[in-house]
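Please read the structure below before turning to the comments.
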Amino acid sequence: MLARSAQFLAAVLRRGSPVRATVRGTSMWPTLSPGDRVRVDPVPPGWRPRPGDVVAATGPSGIVVHRVISASDGRVVTWGDNAAMADEPIGTEKIVGRVDPSRSRTRWFQWGR
């Protein structure tokens with residue numbers, strides 16, 4: 001889940017602007033950890049999600065960032081890397097952005113000297 005107003009983030013993304021947000025929760029751990037900063041890019045017109053894509057989708061609890069495990073006929077199933085089970089299928093219109101986990105800013109810890 002991303003920290004910020006879900007409605008605000010979705011509106012900005014639908015207008016075509018990328019956003020930076022802070023990850024909350026552990027459903028995508030170890031790929032994304034709580035406190036990581038991620039860039040969410042809007043999905044271009046005609047874009048189709050593919051298995052392995054990490055997407056931001058609107059849902060009842062806000063915007064969730066999970067990995068696509070299947071996509072066909074306008075329906076997508078996502079699953080958090082650390083979640084116990086897959087999410088309910090959603091329509092592709094619920095996907096408001098894409099996340100490149102390799103571009104997240106993870107907090108680094110320096111161990112004692």
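The values are calculated or read from the model by the stated rules, or taken from the named source; none is laboratory data. Bear in mind that the values here come from a model prediction, so they are computed numbers and not experimental data. Cβ placement follows ideal geometry from the backbone for every residue including glycine, while neighbour counts extend to all protein chains displayed.
Name the residues in the range 71-113 that are charged (D, E, K, R), assigned to a loop (DSSP other than H, G, I, E, B), under 21 Å from R20 (Cβ atoms) and modelled with pLDDT of 95 or more, would you? Steps first, please.
Taking the range 71-113 as the starting set, the residues that turn out to be charged (D, E, K, R) are 73, 75, 81, 87-88, 93-94, 98, 100, 103, 105, 107, 113.
Retained after the next criterion (residues that are assigned to a loop (DSSP other than H, G, I, E, B)): 73, 81, 87-88, 100, 107, 113.
With the extra rule that they be under 21 Å from R20 (Cβ atoms), the set shrinks to 81, 100, 107.
Answer for the range 71-113, where residues must be charged (D, E, K, R), assigned to a loop (DSSP other than H, G, I, E, B), under 21 Å from R20 (Cβ atoms) and modelled with pLDDT of 95 or more: just D81.
Filter the range 4-41 down to the residues that are touching a Ser or Thr at 6+ places or on another chain (Cβ under 7 Å) and closer than 25 Å to S70 by Cβ and list them by number.
Going through the range 4-41, the residues touching a Ser or Thr at 6+ places or on another chain (Cβ under 7 Å) turn out to be 6, 10, 23, 32-38.
Listed by number, the residues that qualify are A6, A10, V23, L32, V38.
Select from the range 3-48 the residues that are touching a residue at least 60 places away in the same chain (Cβ under 8 Å), closer than 12 Å to G97 by Cα and of a type in the set (A, V, I, L, M, F, W, C) and list them in ascending order.
The answer is L9, A10, L13, V19, V38.
Confirm whether R39 is in contact with a helix residue (DSSP H, G or I) (Cβ under 7 Å, 6 or more places away or on another chain), closer than 24 Å to F8 by Cα and of a type in the set (D, E, K, R). If you could, list the steps in order and put the result at the bottom.
Values: in contact with a helix residue (DSSP H, G or I) (Cβ under 7 Å, 6 or more places away or on another chain): yes; closer than 24 Å to F8 by Cα: yes; of a type in the set (D, E, K, R): yes.
In short, yes.
For residues that are part of a strand (DSSP E or B) and under 18 Å from F8 (Cβ atoms), tally how many sit in the range 56-70.
Taking the range 56-70 first, the residues part of a strand (DSSP E or B) are 56-59, 62-70.
Going one step further and asking which of them are under 18 Å from F8 (Cβ atoms), we end up with 56-59, 62-65.
So the count comes out to 8.
Out of everything in the range 52-70 that is in contact with a Lys or Arg (Cβ under 8 Å, 6 or more places away or on another chain) and at pLDDT 95 or above, what residue ends up being farthest from A6 (Cα to Cα)?
Across the range 52-70, the extreme among qualifying residues is G52.
Restricting attention to the range 37-51, and to residues there that are at pLDDT below 95, under 12 Å from the mean Cα position of the chain (by Cα) and surrounded by fewer than 21 Cβ atoms within 10 Å (Cβ to Cβ), which single residue is farthest from I95 (Cα to Cα)?
R37
Among the residues of the range 16-40, how many are in contact with a Leu (Cβ under 8 Å, 6 or more places away or on another chain) and assigned to a strand (DSSP E or B)?
Filtering the range 16-40 down to residues in contact with a Leu (Cβ under 8 Å, 6 or more places away or on another chain) leaves 19, 21-24, 38, 40.
Pick out the ones that are also assigned to a strand (DSSP E or B) and you get 19, 21-23, 38, 40.
Qualifying residue count for the region: 6.
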